[in-house]
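The values are calculated or read from the model by the stated rules, or taken from the named source; none is laboratory data. Since the model is a prediction, treat every value here as computed from it, not as a measurement. Here Cβ is always computed from backbone atoms with ideal geometry, including for glycine, and neighbour counts include all displayed protein chains. We work out accessible area using only protein heavy atoms, side chains counted, and drop any ligands, DNA or RNA first. Shrake-Rupley method; radii C 1.70, N 1.55, O 1.52, S 1.80 Å.
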Amino acid sequence: VQLVESGGGLVQAGGSLRLSCAASGRAYRSYAMGWFRQAPGKERDFVAATNWSGGSTYYADSVKGRFTISRDTAKNTVYLQMNSLKPEDTAVYYCAADPGVPHGSSWPVRSWGQGTQVTVSS
């Protein structure tokens, strides 16, 4: 059972990136999936998540209006479209999955991807 991220990179402030996370294993079809990020020297923070169908979405206040999470249930893949990127968005972004959904910014997940680096230059 794996979560594999892709799509990170270097972008200038104001630019856009799209992250993808493909999940293997039938169990993930019923899981909420989403993203956390961790900047150097900081804790890993919740970014966004979606329920198993993609019909419900959850966002951290810091990314509302700039990031959009979506899910392709046929491909068992979740996407994070990141627009209007800021230097403070620079972090390693981790895909996450769990049977439960977030409650506010609290989401104790059980499965993690390996992470993908996003760097936003000023």
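Things to note:
- In range of the label at residue 56: residues from region 84-122 whose backbone nitrogen is under 13 Å from the point 7 Å along Cα→Cβ: 99-104
- Enclosing the Cα atoms of region 77-122 in their convex hull gives a volume equal to 100 cubic angstrom per residue.
- Distance-filtered residues of region 10-24 - backbone nitrogen under 19 Å, label point 7 angstrom along residue 66 Cα→Cβ: 10-20
- Percent of Cα-Cα distances greater than 22 Å, calculated over the chain: 25 percent
- Rounded accessible area per residue of region 1-119, 1.4 Å, Å²: 50 Å²
- Region 51-109 - percent of accessible surface contributed by carbon and sulfur, probe 1.4 Å: 50 percent
- Rounded accessible area of residue 89 (nearest 10 Å², 1.4 Å probe): 0 Å²
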